[in-house]
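Taken together, the values in this text are just the output of simple stated rules run on the coordinates, not laboratory data. Keep in mind that this is a model prediction, so the values were computed, not measured. Using ideal geometry, Cβ is built from the backbone for each residue, glycine included, and neighbour counts are taken over all protein chains shown.
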Amino acid sequence: MTDWAETYDQSWAAREAVFAALLEQEDSLARVLARFDDFERAHRLLTKDGEVRYFAKPQAPDPIGAMNPTTPQAFHGQMLAASDYFEFRRDRLLADLSQTADCVIELGSGYGRQVFAMWLAGANAQARYVAAEPSAIGRRLTQRLAALEPRLKLECHPFDFRSATLPAVAPDQRVLLFSSWASMYAAPLDRSLFRAIAAHPGPVTCVFIEPFGFQVNPHAPFAAQQRGQMEAQGMNTDFFEALREEGAAAGLELVSVAPDLFGRTDETLQLASVIIAEKAGQDACAEL
Ligand SMILES: C[S@@+](CC[C@H](N)C(=O)[O-])C[C@H]1O[C@@H](n2cnc3c(N)ncnc32)[C@H](O)[C@@H]1O
């Protein structure tokens, strides 16, 4: 079965080479990320002869053609053809939630893209940011990119969903913890994660942006296809159940579940649900 943490380690090495070239030409984080996106839209990252490499896509982006959309996308469970230029604002959602957080933790943070995106969308400048990621290359690349934003207080920590140890956080801190297309690789999931999150004495908000529609509602339109893809690739199938059972027992309450909220429906691994759980801080409980 694929070891996804190891597979990603190789992919971050390929990405690091692209970023290194961009960093020679750009000194703005926003420009580096935008140009990296352009590169990724024009290339495919594939494993060939045991090596992970970029290959140019045969077709260049077609901006005018995109005005006549054909890409099947989900909008809160409904399927519509949409332009590739439509995007769900994860960065703004996370930036808004960060305003009441002292510490923001991303689990499975890759090269830190979501932390950088929320930062550039106006996230809380006073908060401490923790990018928790198994790949040493991903963490190194995160640090290198963070150097372009000296005001961003960012640290990297090793983290693996299969044996989950959370970064240390001061007891009185308000925590925003999230994952984006990363909990999907929690196979097997260390289910004690939710107890560890809930053990933090201060308030915690958790946001999981993941292809978990099939876990939320097995009868949803794309559930069977999504489950099939996740199972075939050895990805997580019990995250939502574990959150509901272990999380609830420990005091993490589900406050919003938006299945199949956004993303392509012809590639169900790209079809994301947004699941939010909260735990009040001990002070708040004492007041009740
Ligand atoms: C699709 S990338 C998403 C990266 C980042 N969250 C983002 O949205 O840009 C998946 C990430 O999950 C991480 N990952 C894979 N297996 C993992 C595991 N067992 N524990 C923690 N993270 C894992 C990979 O290293 C990679 O950084």
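Here are the numbers for this structure:
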item: Highest-fluctuation residue, F39, F159, F86 considered, GNM on the chain with Cα pairs under 10 Å; result: F86
item: Dipole in debye (nearest 20) - the chain, about Cα centre, beta carbon charges: Lys, Arg +1; Asp, Glu -1; result: 340
item: Kirkwood Rh, angstrom, region 1-115 [1 / mean 1/r, Cα pairs]; result: 17.2
item: Inter-part distance where region 22-52 and region 64-101 are each reduced to a Cα centre, Å; result: 21
item: Positive-pole candidate from I64, M1, G247, dipole of the chain, charges at beta carbon; result: I64
item: Mean-position separation - Cα centroids, region 164-207 and region 225-244, in angstrom; result: 19
item: Selected from P218, F178, M118, residue furthest toward positive end of dipole (region 90-287; charges at beta carbon); result: M118
item: Dipole in debye (nearest 20) - region 201-252, about Cα centre, beta carbon charges: Lys, Arg +1; Asp, Glu -1; result: 140
item: The chain: most fluctuating residue of Q215, Q73, Q59 per GNM, C-alpha cutoff 10 Å; result: Q59
item: Cα gyration tensor shape of region 4-56, rounded if a/c is under 1.5, else prolate or oblate by comparing a/b with b/c; result: prolate
item: Length added when fully stretched, Y85-E253, from 0.36 nm per residue minus Cα-Cα; result: 57.0 nm
item: Global form of region 142-241, assessed from the alpha-carbon gyration tensor, a/c cut-off 1.5; result: prolate
item: Among V274, M79, A95 - extreme Cα towards positive end, dipole of the chain, charges at beta-carbon; result: A95
item: Per-selection Kirkwood Rh - the chain (Cα, Å, 1 d.p.); result: 19.9
item: Three-way shape label, region 86-149, alpha-carbon gyration tensor, a/c 1.5; result: prolate
